[in-house]
Amino acid sequence: MARRETTEAELARVDHFEAEDFGPAEKAVLRFTEAFYADHRAVPDAVWDDLRAHYGEPDIVELAWTIGSYIMLGKLIHAFQVPYGEAAGADGSS
């Protein structure tokens, strides 16, 4: 599989997903991601209900596991001060 990098424009769409043209299922995932990141112990019932309207329990477990893994990875990168982005030469300059 070819490597594909996410563009700044794509990231900006995710930052403002409610106003963008994501489908209802995608918005449900993004709402869940936002709530889960903010406080995994207090995801609102409405967010869970919206997610369940589009996905079954196995998919939701996989989503939560994947989102949690990326959150943990970000925290580890920060804690261990691992260089990333331009600091790691990701812009091709090193």
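Criterion applied to His54, His40 was being free of Cβ contacts under 8 Å to residues at least 60 places away in the same chain, surrounded by 10 or more Cβ atoms within 10 Å (Cβ to Cβ) and under 15 Å from the mean Cα position of the chain (by Cα), and the one residue passing it is His40.
Look at His78 and say whether it is assigned to a loop (DSSP other than H, G, I, E, B) and more than 20 Å from Glu5 (Cα to Cα).
Details: assigned to a loop (DSSP other than H, G, I, E, B): no; more than 20 Å from Glu5 (Cα to Cα): yes.
When the stated conditions are applied, His78 does not pass them.
Using the structure shown, decide if Asp59 is in contact with a helix residue (DSSP H, G or I) (Cβ under 6 Å, 6 or more places away or on another chain), acidic (Asp, Glu) and part of a helix (DSSP H, G or I). First the steps, then the outcome.
Working: in contact with a helix residue (DSSP H, G or I) (Cβ under 6 Å, 6 or more places away or on another chain): no; acidic (Asp, Glu): yes; part of a helix (DSSP H, G or I): yes.
No; evaluated as a whole, the condition is false for this residue.
Set side by side, the residues Phe80, Phe22, Phe32, Phe17 differ, and just one is in contact with a Leu (Cβ under 6 Å, 6 or more places away or on another chain) and free of Cβ contacts under 8 Å to residues at least 24 places away in the same chain, which is Phe17.
So in the range 9-30, with the set limited to residues that are of a type in the set (Asp, Glu) and touching a Lys or Arg at 6+ places or on another chain (Cβ under 8 Å), which one is nearest to Val47 (Cα to Cα)? Restricting to residues being of a type in the set (Asp, Glu) and touching a Lys or Arg at 6+ places or on another chain (Cβ under 8 Å), the top hit is Glu18.
So which of Thr66, Thr33 ends up being modelled with pLDDT of 95 or more, within 20 Å of Glu8 (Cα to Cα) and either under 19 Å from the mean Cα position of the chain (by Cα) or of a type in the set (A, V, I, L, M, F, W, C) (or both)? Outline the logic, then answer.
On the way: Thr66 fails: within 20 Å of Glu8 (Cα to Cα).
After applying the criteria, what remains is Thr33.
The values are calculated or read from the model by the stated rules, or taken from the named source; none is laboratory data. In this text the structure is predicted, and so the values were computed from the model without any measurement. We place every Cβ from the backbone using ideal geometry, glycine too, and count neighbours over all the protein chains shown.
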